[in-house]
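Structure, as structure tokens:
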Amino acid sequence: MDWQGWFSLGLALAALLLMSSGRFAPHMVMMAVLVVLSASGIISADQALAGFSNSGLITVVAMFVVAAGIHHSGGVDLLVNHLLRSPKSVRSAQARIALPVALLSSFLNNTPVVATMIPAVHAWSRKIGIAPSKLMIPLSYSAILGGTLTLIGTSTNLVVNGQYQQLTGEAGFSIFSITAVGLPVAITGLSVMLLLMPRVLPDRKDQQKFGAMREFTLEVAVSLNGPLVGKTVGEAGLRELERLYLVEIERGGSVVTAVPSEERLCGGDRLVFAGDTQAISDLLRINGIVPSVHDDEPSLSQDRAERRLVEAALSPQSDVLGLTIRDARFRDRYGAVVLAVARGGERVSGNLGNIRLKPGDVLLLEARPAFVSRQRYNKDFLLINDLETETPRHDRAWLSWGILLVLVGLAACSVLSMLNAALLGAAMMILTGCCTVGQAQKSVDVPVILTIAASFALGAALEETGAATFMAEGILALSTGQALLTLFLVYCAVSFLTEVITNNAAAVLVIPVVLSMTNSMGVPAEPFVIAVMMAASASFATPLGYQTNMMVFGPGGYRFSDFVKVGLPMNLLVGLTTVAVIATVYGL
């Protein structure tokens, strides 16, 4: 290799380290890599931007819209209402989730499926008296296994197929090409999951119940004729308190929420603060603040039309990750105030303003009623409480399922390509009113799309500079040219990368290496490409490896160790099953 090859390898390693650190969003890392490769001249501008026009990527975008049509037409509600009902045991409850979710995820991108199911499963868990920690990991794992059943089950399959077509000029895979491998793997994985997980998953209380309001709020009043009357909140020094946040003001039977600094205080105002409740003595030292005369009846425990209490989990794409609550400025950014934070199934104690936010943290927020509709599609949050203010178009539920079946049928029978079938399905969802244009736009996960598109640039650089061939030769030397051992090593490499970076980025980086390897060995590339698809999807051991794992991390009240405990055996089982099935199907 010349310097371009070593530079590309170094860039790939740097990207892996940055993404695995968790401090930088994957799409920002990959976009930076794209800029460096293009600016340095290692790849041309056309190669750098080729990912944005890749058929696999466009198919992913179209499938996001199809999933939005199913969701907003009430299609998922239709499924939930008919299948969940009242199970008699934990295993029965897990089975009622696993089978329909796996089937649904085989034809819809599994990320929006899980996003749609979390509020339903969370509400259902309260109704049937089973802890969410017993149900949320099975929900994610079922979606992951279901995504391996067809080419359209997960964005990874579509992206790998698109890159395979681009690099080889072949026609690519059909919608059910992966099913011969994915079906036995899914059956094995789901069977073992239902056999073991009722016992091994933790049984934790629903951490969305943050307890009594007085555990994390305190109330005081403004003295009727005191020096604070007529002053703004900022002038009174109530905005910059070290250990407390001003949440709301109750005045004359109404409530001022997400209080601005310019709000003027009136005598008798009842002030509600959140944070370190031990700081009450510091608060009462302020001249003009007196104990609340209604302290026996907490204000936040009363229903108010002006306020909405929202429990929301931070997504891995949130802009506030790594910031303290004070630095995140929730009031200015979202029009909401953080009352409490839960992490790993328990409320985080201590100085509220100094809590540094992490992916999966569950926040109890006080906001105005418009917050839910305004933030529902914000990638910063996964709203996990059942606060739907937008009524699904239930009269179009069956129509949305019909559109999906037509889409799958056209692609399966090769009447249309996968790309054209997905585009037609997305257009029909909008034209028939299953979802609006606005809902379709908001359904597209832009960070995921940017990560995928930018990953193609790094894949092209590895291919162009000979770095892919260099790595392929290293793996071949390790496997001594044996096809089965090479297949196993490829699966292990992709599986490891998927656990530390995004599944799409891992798959796109490895495909050029795999194609170079199969050319050297003189064997068909298809079984190895399918192994890459399976390994990139089958990520169970950490919440970081697959987006659906991170999505259920907060709602289930899990700790990192919970995923390691149940996920490592699943990774091993699914990996061995996949390699065995591929070897049998393709005669390796």
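The values are calculated or read from the model by the stated rules, or taken from the named source; none is laboratory data. Just so it is clear, the structure is predicted and the values come from calculations on it, not from any experiment. Methodologically, a virtual Cβ is constructed for each residue, glycine included, from the backbone with ideal geometry; neighbour enumeration extends over all protein chains shown. SASA here: full protein model, heavy atoms, side chains in, ligands and nucleic acids out. Shrake-Rupley method; radii C 1.70, N 1.55, O 1.52, S 1.80 Å.
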Q.
Between ASN354 and ARG264, what is the label-point separation in nm under the 7 Å Cα-to-beta-carbon projection?
A. 3.7 nm
Q | On Cα atoms only, tilt of 467-479 relative to the major axis of the chain in degrees | A | 70 degrees
Q | Whole-number accessible area per residue in Å² for region 492-541, which is evaluated in the context of all protein chains at 1.4 Å | A | 21 Å²
Q. Using alpha carbons only, how many degrees (0 to 90, rounded to 10) separate the axis of helix 179-200 from the longest principal axis of the chain?
A. 40 degrees
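Highest mean first, what order results for 312-321, 325-334 on Cβ atoms within 10 Å?
Numbers: 312-321: 21.6, 325-334: 17.0.
In decreasing order of mean packing, 312-321, 325-334 become 312-321, 325-334.
For the chain, with all protein chains present and a 1.4 Å probe, just round the carbon and sulfur fraction of the accessible area to a whole percent. Don't skip to the end; give the middle numbers.
Details: 13700 of 22930 Å².
C and S fraction of accessible area: 60 percent.
Could you state the accessible area per residue of region 396-491 in Å², with a 1.4 Å probe and every protein chain left in place? Please list the in-between numbers first.
Working: 4040 Å² over 96 residues.
Spelled out: the 1.4 Å probe surface of region 396-491, per residue, equals 42 Å².
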Q) If one takes the longest principal axis of the Cα atoms in the chain, at what angle in degrees, from 0 to 90 and to the nearest 10, does the Cα axis of helix 26-39 lie? A) 50 degrees
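Can you tell me how much longer the chain between PHE560 and VAL446 gets when fully stretched, taken as 0.36 nm per residue apart minus their C-alpha distance, in nm with one decimal?
Extra length available between PHE560 and VAL446 comes to 38.4 nm.
222 nm [θ] for the chain, helices only, -39500 (n - 2.57) per DSSP H run of 4+, per residue, to 500?
Working: 24 runs with 320 residues, N = 588.
For the chain, the value works out to -17500 deg cm²/dmol.
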